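Chemist: Below is one structure. I have some questions about it.
Taken together, the values in this text are just the output of simple stated rules run on the coordinates, not laboratory data. What you are looking at is a predicted structure, and each value in this text was computed from that prediction instead of being measured. All Cβ positions, glycine included, derive from the backbone under ideal geometry; neighbour counts span all protein chains shown.
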Amino acid sequence: MIRSLFAAAALAAAALMSAPALAQAQAPYVEISPPMPTDAGGKIEVVEFFWYGCPACYSLEPRLEAWVKQLPKDVEFKRIPAIFNQQVAIAARVYYVLEAMGEVERLHRPLFDAIHKQGLKITDDRQLNDWLKRQNVDVAKFSAVSKSFSVESRLKRALELQSAAKIDGVPSVIVNGRYSVAYGDRMLAVADGLIEQLRKQAAPAAASKKK
């Protein structure tokens with residue numbers, strides 16, 4: 001099912017590499033119509049679409065980590081790996097396997113570092129397995145989970161959400177399924193402004209429910 005969607009998704013692969021340059025000519029954000037589905041249970045959902053091989057995503061990561069730690073309680077953050085082609089899909093699968101094993105929080109940043117500082121090729125099974133062993137990850141279990149229905153379902157869902165959000169480059173930040181924020185120096189500040197805007201819009205409705 002996932003492989004059948006790659007042909008259409010591959011058309012966006014060039015944009016993946018050029019997103020940082022293109023962002024300079026774009027507005028700070030665009031409205032997504034119709035909105036992307038969210039599942040934050042009444043909270044304001046913030047989603048980052050990323051790729052482990054993306055230099056801009058790696059550059060953003062330290063600021064993003066600090067920003068996420070300061071988000072208010074009514075905001076829920078999550079990551080979704082982009083799937084523009086089969087090479088990028090391998091990195092997405094690795095992310096979801098680590099998530100399914102409860103290791104993504106521990107290894108997300110180290111994996112980024114290994115790829116961009118040590119030259120790890122995540123598409124090379126031998127290199128990836130050697131790195132996993134050094135991180136005390138059970139490689140046999142990793143391989144088994146990689147083929148699981150759960151991981152396949154998450155990859156399929158990621159493709160669906162990527163299409164719904166009209167993502168054509170990474171990193172991209174989606175605020176509550178309604179706004180796509182362009183990559184740039186003010187990316188997180190723009191997201192903050194949109195979060196505050198959504199909170200103000202929701203305040204009258206919340207007040208009326210209390211009456």
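Chemist: Run the numbers for GLU31 and GLN135: contour at 0.36 nm per residue of separation, minus the present Cα-Cα distance, in nm.
Modeler: 33.4 nm
Chemist: Next question. Only counting other Cβ atoms within 10 Å, I'd like THR123, THR38 sorted with the fewest neighbours first.
Modeler: THR123, THR38
Chemist: Which value, in debye to the nearest 20, gives the size of the charge dipole of region 31-113 about its Cα centre, when Lys and Arg are +1 and Asp and Glu are -1 at the Cβ?
Modeler: It comes to approximately 120 debye.
Chemist: Let me ask you something else. Please list the non-local residues whose amide H lies under 5 Å from the amide H of GLU45, H modeled 1.01 Å from N, same-chain partners needing a gap of 5 or more.
Modeler: For GLU45, whose amide H was placed from the backbone, the distant partners under 5 Å are GLU76, ASN176.
Chemist: Let me ask you something else. At 10 °C and 1.306 mPa s, what whole-number value in µm²/s does Stokes-Einstein give for the translational diffusion of region 3-182, with Rh from the Kirkwood sum over Cα pairs?
Modeler: In µm²/s, the coefficient rounds to 94.
Chemist: If you count, for each residue, the other Cβ atoms within 10 Å and average over each peptide, how do 45-54, 151-160, 113-122 line up from highest to lowest?
Modeler: 45-54, 151-160, 113-122
Chemist: Taking a quarter of the surface of the convex hull around the Cα atoms of region 29-81, what do you get in nm²?
Modeler: 4.5 nm²
Chemist: Each residue of region 118-134 in order: what ³J(HN,Hα) in whole Hz does its phi give by Karplus 6.51 cos²θ - 1.76 cosθ + 1.60, θ = phi - 60°, with x for Gly and Pro?
Modeler: 9, x, 4, 9, 5, 7, 9, 4, 5, 5, 5, 5, 4, 5, 4, 4, 5
Chemist: Under unit Cβ charges (Lys, Arg +1; Asp, Glu -1), what dipole magnitude, rounded to 20 debye, does region 64-211 have relative to its Cα centre?
Modeler: 520 debye
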